[in-house]
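Please treat every number below as a calculation from the coordinates, not as lab data. These numbers come from a predicted model, not from an experiment. When we count neighbours, we look across all protein chains shown, and the Cβ atoms used for this are built from the backbone with ideal geometry, even at glycine.
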Amino acid sequence: MPTIKQLSASVVNKIAAGEVIERPASVVKELLENSIDAGATRVDVRLEAGGRELIRVTDNGCGIAADELMLAVSNHATSKITSADDLFEVGTMGFRGEALASIAEVSRTLLRTRTPQSESGAELRVNGGVASEVQPAGCPVGTTIEVRDLFFNTPVRQRFLRTPQTEIGHATEAFVRIALAHPQVHCRLEHGQREVHDLPPTDDWRARIAALFGDELADSLIEVESVDPPISLKGFAANPQYSRANNRLQYLFLNGRNIRDRALQHALGEAYRGLLLTGRYPICFLRFDMPASLADVNVHPTKLEVRFQDGGRLYSQLLSTLRSKFLSSDLRAGPGGGGVSPTREEDEVASGPSEIVEWAKQQLTQRRFDGPESPTPAPRQASQPLVMHRLPGPFKPFPADGPTRFASADSSTAPVSRTQDAPAEMEATLEPEAQAPMVGSKALQLHNRYLVVETDHGMEIIDQHALHERILYEQIRAKVSAEGLETQSLLVPEPVDLTSEEAAAVIEHQPLLKKLGVAVEPFGGDTVLVSSYPAMLANLPPREVLGEIVERLVAADRLPEASDLLDELLHTVACKAAVKYGDRLTPDEITALLEHRHLTENHHHCPHGRPTALVFSCDDLDKQFKRI
Ligand code: ADP
Ligand code: MG
């Protein structure tokens with residue numbers, strides 16, 4: 001029979017610490033929150049080795065009285081609330097009274113502090129939860145907390161730490177969230193010899209956003225504001241021309257606290273519905289202010305999630321505020337409203353990078369010459385480049401079991417066996433519909449979006465963009481499989497500005513990027529230098545190419561396979577080069593597109609898995625018309 005024993009205080013504390021302190025970023029967050037609560041107007045954060053060796057936060061706040069110092073590091077000791085009722089009126093960042101105790105439990109911590117009332121300061125060392133005596137110390141008013149050797153006494157936790165670059169990425173993100181919530185506080189972050197951020201105090205939120213994310217993004221922001229007493233919503237939503245492949249640039253704040261809230265994120269997605277491409281996420285910086293009693297912040301140990309008394313009301317407020325703002329804005333215009341040229345995504349969606357488009361068109365028109373003349377279009381030619389064993393080197397962009405994200409489409413193994421085993425004469429019978437002779441003559445373009453085609457047994461409605469995208473995707477993929485990935489060195493390496501988290505991810509995954517033909521090096525700050533990248537992407541700006549990959553790297557829970565990333569790039573190219581929903585096609589282009597369809601594997605789905613065509617048989621139609 002196992003006996004039940006009371007755990008020692010040290011074990012209890014370590015369990016508690018595990019909830020609050022997961023990695024250096026958690027320490028940064030808790031210490032910064034304490035500095036903010038202490039009324040600091042300036043906070044300096046210094047990290048070494050990704051925060052593993054040292055995290056030091058210095059503030060000019062109210063300090064801690066020498067006789068309370070010991071209390072500050074003991075569990076459940078706080079100056080911020082006294083009764084349980086206070087829990088529903090929390091006006092400070094902290095209130096649980098466990099951060100300092102937790103940090104001190106799993107590190108070597110030094111606190112040095114002085115209140116304005118006291119002549120001199122005091123210091124206290126705590127080593128893995130064991131405190132020494134409070135000593136007098138000379139120091140300015142405010143508090144410095146130094147955390148060394150995080151998790152030195154909890155080796156399991158320590159093993160979970162990732163590389164310094166990854167940890168610094170997380171720590172920087174923690175810093176950014178607090179710096180965004182408190183623009184009036186001067187915030188500085190240093191890592192080793194490098195100054196990551198130095199953010200002067202400001203009353204202008206946009207200025208703080210610009211200092212963190214660059215002027216280009218900040219200038220594109222649309223200001224939004226609404227009041228539904230007692231709740232106010234203020235902030236910025238990015239022009240839909242700017243978007244991301246993940247939701248990391250969606251910053252939501254509640255009473256100065258950064259929060260995560262799925263319902264509000266969903267409201268955002270709804271507000272941008274129809275304005276962004278599938279898979280893109282809006283960017284926003286929004287702050288809700290309301291009486292503290294309308295939200296419960298005590299539902300999550302790190303206080304990241306909150307529970308609203310009336311979440312539905314917030315949802316509607318967010319949605320309607322953004323919607324009405326968008327309806328009254330000229331979204332194609334720049335921030336000045338003066339019809340500034342569209343940028344980035346919008347631009348490409350509208351016209352595509354010209355050379356790729358040219359190339360794509362060429363691919364289409366070429367078919368016109370070897371298409372109609374030959375009764376059997378050359379299916380072998382179409383499937384041949386998909387042979388996988390031709391791939392040079394150890395890098396296989398398409399493993400034999402096919403890109404996993406196309407589970408719904410046929411596996412890419414089929415073309416291999418076909419090319420290897422199927423005799424040419426068989427191929428004509430493989431796709432009977434390939435011989436349907438009425439292409440062009442009986443195809444009709446509807447609303448510059450859909451092609452309606454008569455087939456042997458009925459009719460089909462084809463999504464022109466989806467189909468073209470699928471065709472191009474197969475072609476580019478075939479080319480890459482056959483010829484390998486050609487890379488191109490840039491004459492002048494191009495610096496690309498990233499967020500710290502992204503820069504960290506890029507540097508950490510240099511070898512993976514190399515496999516994709518993207519050579520990058522650190523270039524100081526959060527800037528990296530791109531010196532080569534895939535030739536097939538020659539017409540996309542390097543920052544865009546890198547951006548696509550990086551967003552995937554950062555968004556992924558685990559490291560994506562090189563093949564998946566390459567696949568992603570191929571999709572990007574195909575999507576950008578394909579005719580658009582809304583493009584008027586010439587009869588020749590329609591003919592070429594339809595012919596190509598039969599030469600393409602998996603043409604029934606676009607690379608995103610959407611169907612490219614809807615099929616109606618004569619039977620279906622007859623039934624609908626009650627003939628049978
Ligand atoms: P909480 O923030 O939830 O109260 P902490 O463990 O983070 O709990 O801090 C315990 C107490 O130590 C705080 O309530 C506060 O009184 C004091 N304290 C911590 N950091 C600072 C600081 N930088 N300046 C002034 N007082 C601080
Ligand atoms: Mg705290």
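How much of the pair distance distribution for region 1-126 lies past 20 Å, counting alpha-carbon pairs only, in percent? It would help to have the intermediate numbers written out before the result.
Working: 3774 of 7875 pairs.
In whole percent, the share of Cα-Cα pairs in region 1-126 beyond 20 Å is 48.
Here is the list for region 498-599: trypsin sites (Lys or Arg not before Pro) lying in DSSP coil, each with at most 11 other C-beta atoms within 10 angstrom of its C-beta, are ARG558, ARG584. For region 126-181, chymotrypsin sites (Phe, Trp or Tyr not before Pro) are listed when DSSP marks them as loop and at most 13 other Cβ atoms sit within 10 Å of their Cβ; the list is PHE160.
Can you classify region 166-248 as rounded, prolate or oblate using the Cα gyration tensor, where a ≥ b ≥ c are the square roots of its eigenvalues, rounded means a/c under 1.5, and otherwise it's prolate if a/b beats b/c and oblate if not? Numbers along the way, then the final one.
Details: a/c = 1.92, a/b = 1.50, b/c = 1.28.
Prolate is the answer for region 166-248, as a/c is 1.5 or above and a/b outweighs b/c.
Tally Lys/Arg at +1 and Asp/Glu at -1 over every other residue whose Cβ is under 14 Å from the Cβ of LYS234; what's the total?
Working: positive: ARG206, ARG208, ARG287, LYS325; negative: ASP203, ASP204, GLU223, GLU225, ASP228, ASP289.
So the environment of LYS234 carries a net charge of -2.
Within 10 Å of each residue's Cβ, count the other Cβ atoms and sort LEU7, LEU451 from fewest upward. Walk me through the numbers before you get to the answer.
Working: LEU7 10, LEU451 21.
Result, fewest neighbours first: LEU7, LEU451.
Each Lys or Arg adds one and each Asp or Glu takes one away; over the other residues whose Cβ falls under 11 Å from the Cβ of ILE283, this sums to +3. By the count of other C-beta atoms within 10 Å, a proxy for reagent exposure, ASP622, ASP463 are ordered fewest to most as ASP622, ASP463. Longer than 30 Å from Cα to Cα, which of LYS29/LYS325; LYS14/LYS514; LYS514/LYS576 are they? Say none if no pair is. With Cα atoms farther than 30 Å apart: LYS29/LYS325; LYS14/LYS514. For every other residue with a beta carbon closer than 9 angstrom to the beta carbon of HIS191, add +1 if it is Lys or Arg and -1 if Asp or Glu, then tell me the sum. For residues surrounding HIS191, the net value is -1. Ranked by how many other Cβ atoms sit within 10 Å of their own Cβ, fewest first, the residues ILE145, ILE461 fall in the order ILE461, ILE145.
Using only the Cα atoms of region 118-213, build the gyration tensor, take square roots of its eigenvalues as a ≥ b ≥ c, and label the shape rounded, prolate or oblate: rounded if a/c is under 1.5, else prolate if a/b is larger than b/c, else oblate.
On the way: a/c = 2.86, a/b = 1.24, b/c = 2.32.
Taking the square roots of the gyration eigenvalues as a ≥ b ≥ c, region 118-213 is oblate.
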